[in-house]
1. Hey, how much of the P(r) for the range 112-185 falls beyond 19 Å, as a percent of Cα pairs?
2. How big is the range 130-245 by Rg and Dmax over its Cα atoms, in Å?
3. Distance between the C-alpha centers of the range 203-241 and the range 87-160? Whole Å please.
4. Leaving ligands, DNA and RNA out of it, report the carbon-plus-sulfur percent of the accessible area of the chain at a 1.4 Å probe.
5. Calculate, for the range 1-104, the solvent-accessible area per residue in square angstrom, rolling a 1.4 angstrom probe over the heavy atoms of the protein chains.
6. Which residue, Ala20, Ala79, Ala215, tops the fluctuation ranking in a GNM of the chain built on C-alpha contacts under 10 Å?
7. When a/c is below 1.5 the answer is rounded, else prolate if a/b is larger than b/c, else oblate, so apply that to the range 82-127 with a ≥ b ≥ c taken from the square roots of the Cα gyration tensor eigenvalues.
8. Give me the percent of Cα-Cα pairs in the chain that sit more than 27 Å apart, rounded to a whole number.
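The values are calculated or read from the model by the stated rules, or taken from the named source; none is laboratory data. Just so it is clear, the structure is predicted and the values come from calculations on it, not from any experiment. Ideal geometry is used to build each Cβ from the backbone, glycine not excepted, and the neighbour counts take in all protein chains shown. Heavy atoms of the whole protein, side chains included, go into the accessibility calculation; ligands, DNA and RNA do not. Shrake-Rupley method; radii C 1.70, N 1.55, O 1.52, S 1.80 Å.
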Amino acid sequence: MNIQENNIIGELVAQDYRAASVFKKYGIDFCCQGNRTIQDACESKEIDASSVVSDLNEVSKATSENTIDYQSWPIELMADYIEKKHHRYVEEKTREITPYLDKICRVHGDRHPELFEINEHFNATAGELAAHMKKEELILFPFVRKMAKAKQENTKLEAPHFGTVENPIQMMMHEHTTEGERFRKIETLSNNYTPPEDACNTYRVTFALLKEFEADLHLHIHLENNILFPKAIELEKQLKNAKSY
């Protein structure tokens, strides 16, 4: 694949997730703002687009047996995977990180007051993500599975109470943007998760966990925004055209 400056960021990452590492290197958002071209993203950050394209083409040429082809997955498998892997990760890591943040605020907050703001942002993210994931698990994902089943079995699908799948998807994408921006603030406040010289082991572990949490969140959002949601919208159109809806 010959990558050019007019390629859409989210589509590139959907085709090959290794591209995400290049966008991360240049500070380009590939999940919440993945609907931009490379050129547009580079102009907004005053980055040389040719350098980004060159790095992307180098990455795409390298072979890797470990690259997961998420794009080829059936839509219901993707919904199951996100729920069982990424939703559970958020729940487990929230319980782990919260007491650590509270502790380092108590011990180091007088010398590093930014910790209180980091803690506030993370608590807000934890609460919002919990509600967000429940909406996906109880409303959006079950409907995605119903659509997949209707297509497989060639059966009629009852219209959802939310009208079209695009309505909850728009809400989920808006919430993704909010949490992406919140974590960018955490990244800035933590100096890109770099602990200060006087940091204790708990401090260092907490920042490492926050960095890991952000990386998982980026993949989580990418899989939904750039793969699952477009496929769900396309599947709904197919069902409507086939008068199965």
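1. Roughly 50 percent, rounded to a whole number.
2. 19.2, 65
3. 11 Å
4. Values: 6360 of 12710 Å².
Summing carbon and sulfur atoms, their accessible area is 50 percent of the total for the chain.
5. Values: 5600 Å² over 104 residues.
Heavy-atom SASA per residue in the range 1-104 reads 54 Å².
6. Most flexible of the set in this elastic network: Ala215.
7. Prolate, because a/c is 1.5 or more and a/b exceeds b/c.
8. Working: 13248 of 29890 pairs.
Considering the chain, 44 percent of its Cα-Cα pairs are separated by more than 27 Å.
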